[in-house]
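This report refers to the structure that appears directly beneath it.
A short reminder: the numbers here are calculations on the coordinates, not readings from a lab. Just so it is clear, the model here is predicted, and its values are computed rather than measured. With ideal geometry, Cβ positions are generated from the backbone for all residues, glycine too; neighbour counts draw on all protein chains shown.
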2 protein chains.
Amino acid sequence: MGITKTQIFDQQQNELAQFFKILGHPARIAILQYISKQNTCICNDLVEEIGLAQATISQHLKELKSIGLLQGEIEGKSMCYCIDIDRWTALQKNLNSFFNTTKKNCC
Amino acid sequence: MGITKTQIFDQQQNELAQFFKILGHPARIAILQYISKQNTCICNDLVEEIGLAQATISQHLKELKSIGLLQGEIEGKSMCYCIDIDRWTALQKNLNSFFNTTKKNCC
DNA sequence: TTTTGTTATCGTAATATTGCGATATTATAA
DNA sequence: TTATAATATCGCAATATTACGATAACAAAA
């Protein structure tokens, strides 16, 4: 065992969990916050700013890309990452919908 | 390695990531949805409803309790779980605040 | 072409998570 | 008291995640 039994859950539950999971690491939170603070886009600065190895940052970026939150553009020899606005807004809507429909029935 | 370097992030980032992480499993999403669907509170039904072993469900409930989302009350020989409304609302606010302050500056 | 700077990927070690059977624990019912 | 039912915890196996060094890939600069 050790493998999540995704097949017993529906697509909405799996997708939602996947979003939450990817956001569930402080480095990825920090990356999103840093990108959003800059007017201009980010490349290697994240390595210095955050203090993880370049390979590690690259891996985190890849995961954020995997749910469509980040877009990357080649800019010379460096990479310019930015947040995908539409995706960002859609995700926020999604999560709010989960919070709102999961009503607060109590004992 | 393998251990998350929490010490290089601030408390807000770690806490936020922790919330996301705990919500980042389909079983825990399903548990929250199921509890919220019932007028009355839940006990052992989750085991049948969700289809994971009792030990596994109990573990997931423990994690949801760890961030304060669930409250449990002893009711006879069974356990009655419910969503903590205040906590739920506070968490939603928190996440929305993250989404809103992480502005959408793009390349 | 060679060098340099930047990012991605591979391989690996350390740790965490998931899931479950077995076994406590605890409270009601008999 | 003894049995029963519900939940929690322990211990383990399988898998996933995190982090990083080494190295590949690639584009601009020399």
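Overview of results
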| read-out | value |
| --- | --- |
| Dimensionless Rg ratio for chain A, taking C-alpha atoms and the 2.2 N^0.38 Å reference | 1.26 |
| Within 10 Å of each Cβ in B:93-101, the average number of Cβ atoms from other chains | 3 |
| Amide H within-cut-off set for B:Glu75, under 5 Å, with H built and near neighbours excluded | B:Cys80 |
| Distances in nm from B:Ala53 to the matching label points in the other copies, shortest first (labels 7 Å along Cα to Cβ) | 3.6 |
| If the convex hull is drawn through the Cα atoms of the protein assembly as shown, its volume per residue in Å³ | 132 Å³ |
| Alpha carbon centroid spacing (whole Å) that separates segment A:1-69 from segment B:1-54 | 18 Å |
| Cβ-placed point charges (K, R +1; D, E -1), dipole of segment B:22-87 about Cα centre in debye, nearest 20 | 140 debye |
| Magnitude of the charge dipole, the protein assembly as shown, Cβ model with Lys/Arg +1 and Asp/Glu -1, debye to 20 | 80 debye |
| Pairs from A:Lys103/B:Lys21; B:Lys21/B:Lys77; A:Lys62/B:Lys21; A:Lys62/B:Lys103 whose Cα-Cα separation, in the structure shown, is over 25 Å | B:Lys21/B:Lys77 |
| Chain A, relative contact order [Cα under 8 Å, separation at least 6], % | 22 percent |
| HN-Hα J in Hz across segment A:70-76 - Karplus 6.51, -1.76, 1.60, θ = phi - 60°, x for Gly and Pro | 10, 10, x, 10, 6, 9, x |
